[in-house]
Amino acid sequence: MSELLPKEIESVLPRISDQEGNKNPTVYAVFQFPLSGWIWFVTEGDAYEGDICFFGYVVGLAREWGYFCVSAAAKYQNRL
């Protein structure tokens, strides 16, 4: 799927909504962007239109649960 997501993690990553209601969901991957200070904690993911999109906790301008995609992470990684 992506170089940013190792196959070992991809094979065990729950689909989006699989951990819904879990008060302490498992984090399977963390993407950090040092120049922006943003951190994305991946708890679930699904293939979507040739991409993989995640649900997880984002620490950026705000701290919130939300969706993000590998294509967006790769775009920022290439700028570093």
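The values are calculated or read from the model by the stated rules, or taken from the named source; none is laboratory data. Note that the structure is predicted; figures quoted are calculated from it, not measured. As a convention, Cβ positions derive from the backbone with ideal geometry for all residues, glycine included, and neighbour counts pool all protein chains shown. What goes into the accessible areas is simple: the full protein's heavy atoms, side chains included, and nothing from ligands, DNA or RNA. Shrake-Rupley method; radii C 1.70, N 1.55, O 1.52, S 1.80 Å.
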Original post:
Under 5 Å between amide H atoms, partner at least 5 residues away or on a different chain: which partners does residue 43 have, H built in plane at 1.01 Å?
Top reply: 28, 55, 56, 57
Original post:
For the residue pair residue 17 and residue 38, what label-to-label distance in nm results when each label sits 7 Å from Cα along the Cα-to-beta-carbon direction?
Top reply: 2.6 nm
**OP:** For the chain, build the convex hull from the C-alpha positions and give me its volume per residue in Å³.
**Re:** 92 Å³
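If you roll a 1.4 Å probe over the chain with all protein chains in place, what percent of the accessible area is carbon or sulfur? Don't jump to the answer; show the numbers that get you there.
On the way: 2840 of 5520 Å².
Answer for the chain is 52 percent, counting heavy atoms of protein chains only.
How many Å² of accessible area per residue for the chain, probe 1.4 Å?
On the way: 5520 Å² over 80 residues.
Accessible area per residue: 69 Å².
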**OP:** Might you work out the accessible area of residue 36 for me, using a 1.4 Å probe with all protein chains in place, and round it to the nearest 10 Å²?
**Re:** 70 Å²
